[in-house]
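As C-alpha cells, the structure follows; a few thoughts come after it.
The values are calculated or read from the model by the stated rules, or taken from the named source; none is laboratory data. Remember, it's a predicted structure, so these values are computed and weren't measured experimentally. Note: ideal-geometry Cβ built from the backbone for every residue, glycine included; neighbour counts use all protein chains shown.
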Amino acid sequence: MSRRARAVAFLVFALLAAALAAGIADGYGSSVARGYGPLRSVVIAADELKEGKPLLSKQLSGALEQRRVPARFAPPGTLEAPEEAFGLVPVSRVTAGSYLLAAELRPPGRRRSTGPQLGPERNPVEIAVTGAEALLATGAAPRGTKVDVVVTTEPTGRGAGRTFVAATGVPLLALGPGADGPGPGGSSAATLGLTKGQALRLIAAESFARKLTLLPEG
C-alpha cells in the first residue's frame, strides 16, 4: 500500500472513531435525560470565590466550570455560562464545588443595601418549603426579604404534630418551583442565607418534618 493510500485509510479510520465516540456520548446523554429529566447547563465554582473580588477573564477560565446536569437538581437562579458572571462581584464567599447563583453576584461598586446582606457566617442553602404562595401573591420578586422558617412535624400516635419556628429573620435569596411543580399544595425551592447551625437544623427537619413553611418576618 502506498504512503498516500495509508494516509487516506488512517483519515477514514479517525473519522469513524470520532463518529463512534460522538454516538456513545449522545447515547449516554439521552440515557441520563430519560432517567432524570432534561439536562441544563450550570456554572460550578471550581475554586473558592472571595467576597468583593471581581470575576474577570482570569477568574472565569480558572475558577468557574460549565457542566450539564439534570434540570431538577439545579437550584433556581443558577448561571448557565461562566460569561454571565464577567465583571460581577460575589456578595459573599462562595465555596468550591457550589452552584453559582445570580443572587450571589452584584455589579462592582454597588453596595449591598438593596439586597440581602450575608455575613461571613452565612452561606446560600436550598431547602424545600410549602406555603410560599403568600410571598408570591403580590407578583413582586421576594428576593431580598427576610423570612421566618416554621417547621411542622408529623403527627404522633399520642397527638398532633408540633409546630415551631426553626429560624427567624433569614435572608431569602431565591424562590422557585419545587420538584412537584408550582401551584397550590406544591412545594417551592427556597435559597436562604443560613448560618451553619440553621442549615444543619433545617436540613435535618426536611427528613423528619411534615412541612417547612416560609412566613414574612414579623
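Numbers for the structure displayed
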quantity	calculated
Test: residue 124 is at pLDDT below 85 and of a type outside the set (A, V, I, L, M)	yes
Verdict on residue 193 being outside any helix (DSSP H, G or I) and at pLDDT below 75	no
Residues satisfying the stated conditions in region 165-188, i.e. in a strand (DSSP E or B), at pLDDT below 80 and over 18 Å from residue 122 (Cα atoms)	176, 177, 188
Residue, nearest to residue 125 (Cα to Cα), within region 147-164, restricted to residues that are touching a Gly at 6+ places or on another chain (Cβ under 6 Å) and not in a strand (DSSP E or B)	154
From 50, 58, residue being within 21 Å of residue 171 (Cβ to Cβ) and modelled with pLDDT of 65 or more	50
Failed item in (1) at pLDDT 75 or above; (2) in contact with a strand residue (DSSP E or B) (Cβ under 9 Å, 6 or more places away or on another chain), with residue 207 passing the rest	(2)
Residue match in region 87-105 (condition: in contact with a Phe, Trp or Tyr (Cβ under 7 Å, 6 or more places away or on another chain) and either modelled with pLDDT under 85 or closer than 17 Å to residue 41 by Cα (or both))	no
